[in-house]
Amino acid sequence: MKMEETTSMDILLKGIWKENPVFVQVLGMCPVLAVTNSVINSIVMGIATTFVLVMSSFFVSLFRKLIPRQVRIASYIMIIATFVTVAEYIIQAVSLEVHKSLGAFISLIVVNCIILGRAEAFASKHPVKEAVMDALGMGAGFTFAVLSLGVVRELLGNGTLAGIPIFGPGFEPWSIMILPGGAFFVLGAWLLFFNWLRERAKKQQERVVV
Amino acid sequence: MHMHGAGHHHPSAGEGGDDVSSFRMILTMGTIGLLAGLLIVVTYRLTLPIIEQNKAEFLQRAIFDVLPNASQKQAFVVEKDGTLRPERGKEKRVFKIYAGYDDRGKLVGVAIEAKGQGFQDVIHIIYGYDPEREVIVGMKVLESKETPGLGSKIETDPEFIANFKALVVKLTPDLSDLVHPLEMVKKGQKTADWQIEAITGATISSRAITNILLKSSREILPIIQRNLDVLKQGASQ
């Protein structure tokens, strides 16, 4: 029993760090680059993607023995698209302003390859509990990644965090950071940083073994 | 039609899948489609009233934002022949303006919606007009997709918004045009009350707002001035 608990915890955690969908697998770049110009947008995008990921993984796993192989991708897309539509209505009901600022990117969660990727690579081959844990982990990893970008971009590009001014009035915003170009700079810097951390951890481990 | 006489087994068996009939595939897709449709319809029905209420509240707040002295409002429909009449019930697909009144029912201003092309997409604004003083007293962006952090400052930049606290839109005596058409100037170069100071780095979005206001005020302000009596009666009707 102990064994099983650790594995499902491992499934959850691997999405956040070891197999982070953005920083390790480099998937779902479209929303990562496009909507991370503010902290609020990043958080909403992260939550919405996690919601779609968890719901679709749950149903893909639940129906995995009923869906014939030949039509599985079409079925997954249908399930994913349904939950994206549901998420879009919910966001609109919760806050019109957030819905407006995310614009088309909510509907575009459908084509986020992290979601179809997890459905095909994991949920369709694992029981419901594991599939949901995996989806939660990947969702958290994605949210962590978009938030990492959103914090840096909003802080440098607008001088604010979640709309609250951080620097004094003398701060000259670094506008490129909230434009598409800035997304590439910040993503590159984070990738560099996380890879460096990983390399260092690996070297330390090797030293311990030796 | 089914691979008979081919001499060997069905090819899909090689992929590890069993021989699935087309009927089962269609049934699976159909069932998922049906469930998906149901779920979407249920969510739509549940969220629709909240979404519509959000939109109505947003417009309501915007109307009182651009008419600082108003405490009540009345919608008027602009007819094609240029006359105004109070809105009956909730009318859709008509052009409406909103007259604002103070506590004693005195007309203090009119809120007007306007649209025009921005940098990315159509910008949708609402502005308040004081027919007595012939000035614009407030402007608020209802919807825009301008570049976040640059063009989007038309919504947030306090200095830009201050342009619309007392912007002169005086009509000529025959109500055919503005005496001084609105114009955009660079930041810090404003010399007259009918000029709008642009946001540095967001010139296109600032010009878009100027053009939307100019076009709308040329069209709507003469109608308002001609129908002032209708508007003044509004609250008592």
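Tell me, please, whether a residue that is part of a helix (DSSP H, G or I) and farther than 30 Å from residue A:85 by Cα can be found in the range B:65-73.
yes
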- Item | Meets criteria (crowded, with 20+ Cβ neighbours inside 10 Å and either farther than 22 Å from residue B:35 by Cβ or aromatic (Phe, Trp, Tyr) (or both)) for residue A:108 | no
- What tally of residues in the range A:121-154 results from selecting those that are surrounded by fewer than 23 Cβ atoms within 10 Å (Cβ to Cβ), more than 26 Å from residue A:189 (Cα to Cα) and among the small types (Gly, Ala, Ser)? 2
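Restrict the check to the range A:138-157 and report whether at least one residue is touching a Lys or Arg at 6+ places or on another chain (Cβ under 8 Å) and away from chain B (no Cβ under 14 Å).
yes
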- Item | Conditions (1) in contact with a Ser or Thr (Cβ under 7 Å, 6 or more places away or on another chain); (2) at pLDDT below 95; (3) not in a loop (DSSP other than H, G, I, E, B): number failed by residue B:100 | (1)
- Single unsatisfied condition, residue A:122 versus (1) of a type outside the set (S, T, N, Q); (2) without any contact (Cβ under 8 Å) to a residue 12 or more places away in the chain; (3) in contact with an Asp or Glu (Cβ under 6 Å, 6 or more places away or on another chain): (2)
- Query: Which of the residues that make up the range A:162-185 are outside any loop (DSSP other than H, G, I, E, B), within 14 Å of chain B (Cβ to nearest Cβ) and touching a residue at least 12 places away in the same chain (Cβ under 8 Å)?
  - Reply: A:175, A:176, A:177, A:178, A:180, A:182, A:183
- Task: Considering only the range A:63-105, state which residues are within 29 Å of residue A:129 (Cβ to Cβ), over 19 Å from the mean Cα position of the chain (by Cα) and more than 7 Å from chain B (Cβ to nearest Cβ).
- Result: A:63, A:64, A:65, A:72, A:73, A:94
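The values are calculated or read from the model by the stated rules, or taken from the named source; none is laboratory data. Values in this document were obtained by computation on a predicted structure and should not be read as measured data. Every residue, glycine among them, receives a Cβ derived from its backbone with ideal geometry; neighbour counts consider all protein chains shown.
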